[in-house]
1. Can you figure out the FRET efficiency of LYS641 with THR791, using R₀ = 22 Å and their beta-carbon distance, to the nearest 0.05?
2. Under 14 Å from the Cβ of SER761, count the other residues' Cβ atoms, weight Lys and Arg +1, Asp and Glu -1, and hand me the total.
3. First select every other residue whose beta carbon is under 12 angstrom from the beta carbon of LEU314; then total the charges, Lys and Arg +1, Asp and Glu -1.
4. If we count every other residue with Cβ under 14 angstrom of LEU39's Cβ, Lys/Arg +1 and Asp/Glu -1, where does the sum land?
5. With +1 on the Cβ of every Lys and Arg and -1 on the Cβ of every Asp and Glu, and nothing else charged, how large is the dipole of segment 567-637 about its Cα centre, in debye rounded to the nearest 20?
6. For the residues LEU514, LEU101, LEU451, what sequence is obtained by ranking on other C-beta atoms within 10 Å, fewest first?
7. Among all the lysines, which ones have a C-alpha under 16 Å from LYS626's C-alpha, if same-chain residues fewer than 8 places away are not counted?
8. Please enumerate, by chain and number, the aspartates and glutamates with C-alpha under 17 Å from the C-alpha of LYS529, excluding those fewer than 8 residues away in the same chain.
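Any read-out appearing in this document is the output of simple, stated calculations on the displayed coordinates, not a laboratory observation. All of these numbers come straight from a predicted model, not from anything done at the bench. Here the Cβ is made from the backbone with ideal geometry for all residues, glycine too, and neighbour counts use every protein chain on show.
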Amino acid sequence: MWKPQRKYLDRKNSLEKDPVEVYCRVKPLDSGVGCIKVLDSKTVLVTTPDFNIRGIPTTNFKEIQYTFQHVFDEKCTQKEVFDSVAYPLIEALISGKNGLLFTYGVSGSGKTFTMNGAPDNGGILPRCFDVLFNSISHAQARKYVFKPDRMNGFDVQSNVDAMMEIQRDMLQAQRAPKTPRKIPSDVNLEDRVPDLGKITEVDDDCLYTVFVSHVEIYNNHIYDLLDDILEEGGRPKLPQSKILREDANHNMFVHGVNEVEVTSTEEAFEVYYKGQKRKRMAHTCLNAESSRSHSVFTLRLVQAPLNSSGDEVLQEKNIVCISQLSLVDLAGSERTNRTKNSGQRLREAGNINNSLLTLRTCFEILRENQMNGTSKVVPYRQSRLTHLFKNYFDGEGKVKMIVCVNPIADDYDETIHVLKFADMSKEIQVTRPIAMKLDLGLTPGRRRVNLNIRDENGNQALDSSPELGLVYSLGPEFPPLVLSDPNQADLIKNLMSFLEVRLGKRNVLQKELLLKHKNFRSRLVEIEKENVLAKQELASVKATLEVERRKSSLLESKLVNLESSCTKLEWKVQEKNNEISVLKKELDSVTAGLSQKVVEKEREKQRMKQRMLTEKQRANKEIQQKQKELTEEFKTQIRRKDEKLRLVKEIISNDSAILRERNNLTPSSSEGDLRTADLIKKFTPSMPQVSWALSADSPATSKQDGPLTRRMSRSVSNVAEIWLDHRPVTSATPLNTVLQPRMKKRKSVTKLTDAKDVANSKSSKYCLTTQEADSAGEVETRLYKGDIIPTTGGGAQVIFNDVETLRQVSPTKTTPLKRRSDEMTYETRSIVSYLQ
Ligand SMILES: Nc1ncnc2c1ncn2[C@@H]1O[C@H](COP(=O)(O)OP(=O)(O)OP(=O)(O)O)[C@@H](O)[C@H]1O
């Protein structure tokens, strides 16, 4: 048995390719300003309008030219459009090739007008019916010879089976109440001007049948417009969406779609208007708008070769050639923001945009793959529209597009998008279809020969006697036979002629029957033979079929489950998207709040800084004020001390005079010293614990209380202290007093020539000894003592903190007053404490 080649897979890479043919039709301008001009039969010029849609003057003025396969200007007729674009597709259809034609454009640009037209000015669709039936009418198969197998294929029946089905249909139609006319009353087909075009190159040795289906894709769901409208509770039921499936040849098809066999343009119109009615009903149920859906009308031409005797098609399913032409009226391509849609309309617009966007994306990727040799995945499955027509681009077929444009300036932006898409589409290559006709080795022209033989035998085939009406009917019912008058010869005459016609018909039918009977018997014998062989084959095929059927039903249920879960997921995604947008809004408001807080914080920071600065300045001022006060206080103290010092000096000088007087009585200075001490003792009876004669290391001394006692333990140096003993007077008069300064470690110098002498020495204490004699010859020895403190600049400074003055006074000198002596002691103590 011959098996057909797989059309899609095996030849895909080796075939020639043609670009997608893109045509442009410019609608006549109703009113307003235009922005499109047809330059010639292939070019349009698009000019930026002076004002944009919001009435703002345009600054960026542009003129763009677009070229197409052909441009139809405002004046062109429907016939011209059909002849240029669709007629070749009907030719291809008859020769067994697939075709796809779609209209694309903004709403109101004339897509539906181009595709369907008006009853008196038919568009592409009715003209396709006309030309197709004009061309194949002489070779149409009897109804029901081909039957859709609901898997995108067709079964073939014998003429007899087909006749039986016709008979059944007729009886049913007689019994059934008269159905209303399917073509709506407002459509007057009598005014219709049929297209007289006819394709002559039709293979006469084949029989043809036309099937039509009509679906629409709305919100990415496929609805069959030829489904019967069911009612639920007195209202039309919501239409059920269909799924897409792939047949054995990898062609996509709408599973379970109604494919209606039509034998004439009239019947095709009935189906078309049924679809339109259903579309209106469905849209009422779905609350949809007709122009918001993609409409797909498919013509399928089934053809099969006649057998060798040329009287019946070969009863072999695999040799049936099926070609199809899909006529697609796409929904308007305008963007959502322009139409200001909301709610349901927004969702529709979103879905239209998504499917058109997917179409665009698929085209772009296809073009990229074809131009750059890449093999990126084309996302056909993202939308039902592209998924349905996947085979045209992946497989083979002729693809044409009519871009409809409204030249009105208001549509400028949208029109530019449409034209750009059209311009890009021109570059896509589609594999040229090859007719799947088989050469079975049968004699060409066998049908004509068969007809001639029949004519010669006077055996008119049933095909050529359609006036018989019901196949086994003997004609219309008997005329009224009421004999009211014996002379009513007319009645008898009429009855006789009626009976003669009936008799004639009976004879014809009898002859037909005998012929059929004969044919049937011979065929039965043939079939019987084949049957035996086929039965064996059938048994094995049945087993396989059963397995496949089970698999298929399993897969089908899986598919249904997947579809439903897919729909649920889609809804979920939609919900999540809504949630995301709500969350985004919340996030925006929180972010706005946060930024507000940040601004406030920044302001607070600035305020605090300002405050700190003011506080700092105030504190600085206070400190300065305090410093000033302290300085003033200190200066006052110094002044007071100076005053005291001056007084002490005065007292001391007075004392010196007294002591000198006393010293005149004692010969040696040491004695004088002692006497002075005694004198002090004497004059200071209130301070008996003060002992001038105590040495610094006497423990008794250190234990004594009172400021004077400590002061009088002269120069008690620490063990670690090194004194720089500076005695410029080399021949100083020996003091010989008990109050010798005690410096355990010392370095004696007579001269200090450089600052380093002080800075670099290891001494931490400094003592300068000076001696001078006054006019009376009394020697006064002064020891200026201080701490050597290193400075940051590497030098050293000496801070004097003690002055000891030793004066030798003559004991012979008279002591002035006891009171004076007391005073001196007191003042001496004061100066010592001050210097300390
Ligand atoms: N070439 C034309 N000549 C005369 N009238 C036209 C032409 N094209 C469109 N029209 C008219 O313009 C109107 C809108 O056209 P049509 O309905 O075909 O637009 P559409 O693109 O299909 O819109 P939608 O996308 O909304 O379905 C109709 O009344 C139609 O008769």
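1. For LYS641 and THR791, the calculated efficiency is 0.30.
2. Here the count lands on +2.
3. Its environment carries a net charge of -2.
4. On the way: positive: LYS37, LYS42; negative: ASP40, GLU63, ASP73, GLU74.
Spelling it out: positives minus negatives among the neighbours equals -2.
5. Computed charge dipole of segment 567-637: roughly 160 debye.
6. Working: LEU514 11, LEU101 24, LEU451 18.
Going from least to most buried by this count: LEU514, LEU451, LEU101.
7. LYS616, LYS635
8. Output for LYS529: GLU316, GLU537.
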